[in-house]
Amino acid sequence: MNTKTRRLGGWGFESETFEPSPQLIQWLTENVGPPGPALGDTDLKIPKIRPQTLPSLPGEVCTEDRDRLFHARGQGLIDIIRVRSGTVSALPDAVVRPSDADEVIGILDACKGSGVRIVPWGGGTSVTGGVNILSGDQPIISLDLERMSGLIDFDSISGLAVFGPGTTGPQVESALAEHGFTLGHFPQSWELATVGGWAATRSSGQESLGYGRIEDLVAGMDVVAPAGRWRLPALPGSAAGPDLRHLVMGSEGRLGIITEATLRTRQKPEQTAVHACLVPDLERGLDGIRALMWSGLPLCMLRLSDPPETEVAMTIGLGASRFASLAQRYLRFRGIKDQACLILVGTSGSELEVADALEGARNILRSRRAVSLGRGPGRHWQRDRFRHPYLREALMDRGWATDTLETAVPWSRAALCRTEVRRALETALEDEGERTAVLCHVSHPYIDGTSLYFTFFFRNTSDPEATIKRWARLKRAASDALVRSEATITHHHGVGVWHAPWLRNEAGELGMKILGDAALRMDPERMLNPHVLLDPTDRLME
Ligand SMILES: Cc1cc2nc3c(=O)[nH]c(=O)nc-3n(C[C@H](O)[C@H](O)[C@H](O)COP(=O)(O)OP(=O)(O)OC[C@H]3O[C@@H](n4cnc5c(N)ncnc54)[C@H](O)[C@@H]3O)c2cc1C
């Protein structure tokens, strides 16, 4: 059990922060403008919303105000703004914590016919409105699965580990470490996100290149739905019809509650090393990453930052590194400074395996005129990778808002898609005379294409509604640009509430009907998370 207190109205734990460097403040001032009004969490108010009457429920039932507010919202930018500004319009009537699948069944049974809606809650790290409690007349509960956590069974011969849905990333890794194994699933939200949440949203970890996405790691599941209990057996492969695990993975609580997941694990490697280099421009960077993918080298992580992100990383993160400044001088000497792109290459294994893989990668990148920065910047990245999320709130305290979005697209359209999304974000607030700064990186490459991950910054206003309106305009502009680019609306954050209006473009009319029919079969009264995935209403301002 983690004894640290989670922050209300921000990421992570109350005891942790990640302060922006003076260089980042300067960069934001130059690229976005002077800070707007700060939106801190010091005078956070808990809205007084009286809970509605609920049927008698099994499990731990809590109606305490702070707990209800904590479960009213996930971790999207506007969730944080709403909690900090006291503008959350609805709270769950109770937070219910079952201890096992039987209690989940009991809760569903008790709610049947009563009109109560149920929002499953893993770690509450959704950035798509997936756990949000939206206003409505019906009573609503947040079903927090934290008591259903831990390693239930481990088959060391097959490497199959059965976990409770509420098990967080650190809990997974420490339980497996006792057996010398690892799951290797490290999303940036790893400290707080859970096994059930990962499967429900089709999460992807930073080392997905080596270990696979969560759908590669989930071998089987136990699912409880209003229509009954569904056991999806853990098998290494099967041709027995369509793979029904894939109907549940990504269903975001609409089809049922994942009460157990059997995960494919591996023996923990001796070491993971990350090598860094700079290439002269994005074209060579993308070409280099594609060549690495096609080389078949045993890599577990590849990351390519575009020129603006490289500039930020070099001045803020790696600026302190002696190697980085030497390389910057060298690149300047070659007249290619402004367009330089940072590449990180990660691999795991024995010392010899790591050395061989990195040597192979260096050879491929050398032919793209890469300048090696060694392993120092990679160690820096490894140390801070789960701390970066704390920066968002630290910036909000100072008057800037920041958010991220992600997509994936075939290699042939990757550069154009980046340009389209950047342009959409950069121009979305022009009529208000506001600037948006946009950074982009590749972090989950595939044989046929890659993810693109965008971070954007804009200024707070003194009115939280107006700041949310700015965010909604940016989000709509970027989502429309993704559709125009024939890119996915989400590579790993999921659909939730906020991406749902754009899902139809990807799933198609018939696909939406199939999903709708499946949801109705599993949950005929539409008790479970009714606004995620299938409700196309634009709720970006809610
Ligand atoms: C700072 C930050 C960084 C992030 N980085 C990444 C990243 O690198 N990769 C990535 O994939 N995602 C990332 N995310 C998004 C988020 O962490 C993922 O979507 C994650 O998988 C959600 O897990 P969770 O346990 O917090 O689920 P929650 O947020 O609690 O829930 C997500 C959705 O799943 C449903 N759900 C949860 N548990 C269950 C269950 N047991 N059964 C059925 N439905 C359930 C919920 O109702 C909701 O719709 C990031 C988010 C933040 C805030």
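Numbers for the structure displayed
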| item | result |
| --- | --- |
| Subset of the stretch 210-237 [of a type in the set (A, V, I, L, M), over 16 Å from the mean Cα position of the chain (by Cα) and buried (at least 17 other Cβ atoms within 10 Å of the Cβ)] | L217, V218, A219, M221, V223, V224, A225, L232, A234 |
| Some residue of the stretch 36-57 being part of a loop (DSSP other than H, G, I, E, B) and in contact with a Phe, Trp or Tyr (Cβ under 9 Å, 6 or more places away or on another chain) | yes |
| Boolean, V438 is touching a residue at least 12 places away in the same chain (Cβ under 8 Å), closer than 26 Å to S142 by Cβ and in contact with a Lys or Arg (Cβ under 6 Å, 6 or more places away or on another chain) | no |
| Residue within the stretch 522-529 that is under 21 Å from the mean Cα position of the chain (by Cα), part of a loop (DSSP other than H, G, I, E, B) and surrounded by 21 or more Cβ atoms within 10 Å (Cβ to Cβ) present | yes |
| Scan of the stretch 186-215 for residues that are farther than 25 Å from L8 by Cβ, near the ligand (Cβ under 9 Å from one of its atoms) and touching a Lys or Arg at 6+ places or on another chain (Cβ under 9 Å), ordered by number | F186, A199, R202, S204, G205, Q206, R213, I214 |
| Test: residue in the stretch 84-92 that is in a helix (DSSP H, G or I) and either more than 15 Å from the ligand (Cβ to nearest atom) or farther than 30 Å from E270 by Cα (or both) | yes |
| Residue within the stretch 102-110 that is within 18 Å of T194 (Cα to Cα) and either more than 27 Å from the chain's Cα centre (by Cα) or not assigned by TED's automatic domain parsing to the domain that holds T201 (or both) present | yes |
| Residues of the stretch 465-480 that turn out to be within 16 Å of the ligand (Cβ to nearest atom) and either assigned by TED's automatic domain parsing to the domain that holds R213 or of a type in the set (A, V, I, L, M, F, W, C) (or both), as a count | 1 |
| Boolean, E252 is in a helix (DSSP H, G or I) and within 21 Å of the chain's Cα centre (by Cα) | no |
| Residue, nearest to the ligand (Cβ to nearest atom), within the stretch 481-539, restricted to residues that are in contact with a Cys (Cβ under 9 Å, 6 or more places away or on another chain) and more than 20 Å from E420 (Cα to Cα) | M527 |
| Hits in the stretch 386-407 (condition: out of contact with any Pro (no Cβ under 7 Å at 6 or more places or on another chain) and assigned to a strand (DSSP E or B)) | A401, T402, D403, T404, L405, E406, T407 |
| The stretch 403-453: number of residues that are among the hydrophobic types (A, V, I, L, M, F, W, C) and over 23 Å from W498 (Cβ atoms) | 6 |
| Per-region count, the stretch 142-163, residues surrounded by 24 or more Cβ atoms within 10 Å (Cβ to Cβ) and away from the ligand (no atom under 11 Å from the Cβ) | 1 |
| Test set (1) crowded, with 17+ Cβ neighbours inside 10 Å; (2) not assigned by TED's automatic domain parsing to the domain that holds V116 - I81 fails condition number | (2) |
| Sole exception among (1) among the hydrophobic types (A, V, I, L, M, F, W, C); (2) surrounded by fewer than 20 Cβ atoms within 10 Å (Cβ to Cβ); (3) in contact (Cβ under 8 Å) with a residue 60 or more places away in the chain for A240, by number | (3) |
| Count of residues meeting criterion [touching a residue at least 60 places away in the same chain (Cβ under 8 Å), among the hydroxyl-bearing types (S, T, Y), over 25 Å from L134 (Cα atoms) and outside any loop (DSSP other than H, G, I, E, B)] in the stretch 453-485 | 1 |
| Some residue of the stretch 252-263 being more than 16 Å from the ligand (Cβ to nearest atom) and touching a strand residue (DSSP E or B) at 6+ places or on another chain (Cβ under 7 Å) | no |
| Sole exception among (1) part of a loop (DSSP other than H, G, I, E, B); (2) surrounded by fewer than 18 Cβ atoms within 10 Å (Cβ to Cβ) for T488, by number | (2) |
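Matching residues to (1) out of contact with any helix residue (DSSP H, G or I) (no Cβ under 7 Å at 6 or more places or on another chain); (2) surrounded by 23 or more Cβ atoms within 10 Å (Cβ to Cβ); (3) within 28 Å of L299 (Cβ to Cβ); (4) modelled with pLDDT of 95 or more:
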{"site": "D403", "(1), (2), (3), (4)": "no, no, no, yes"}
{"site": "E406", "(1), (2), (3), (4)": "yes, yes, yes, yes"}
{"site": "P410", "(1), (2), (3), (4)": "yes, no, yes, yes"}
{"site": "L416", "(1), (2), (3), (4)": "yes, no, yes, yes"}
{"site": "R423", "(1), (2), (3), (4)": "yes, no, no, yes"}
{"site": "E426", "(1), (2), (3), (4)": "yes, no, no, yes"}
{"site": "L429", "(1), (2), (3), (4)": "no, no, no, yes"}
{"site": "G433", "(1), (2), (3), (4)": "yes, no, no, yes"}
{"site": "P445", "(1), (2), (3), (4)": "no, yes, yes, yes"}
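The values are calculated or read from the model by the stated rules, or taken from the named source; none is laboratory data. In this text, all values refer to a predicted model and were calculated from it rather than measured experimentally. Every residue, glycine among them, receives a Cβ derived from its backbone with ideal geometry; neighbour counts consider all protein chains shown.
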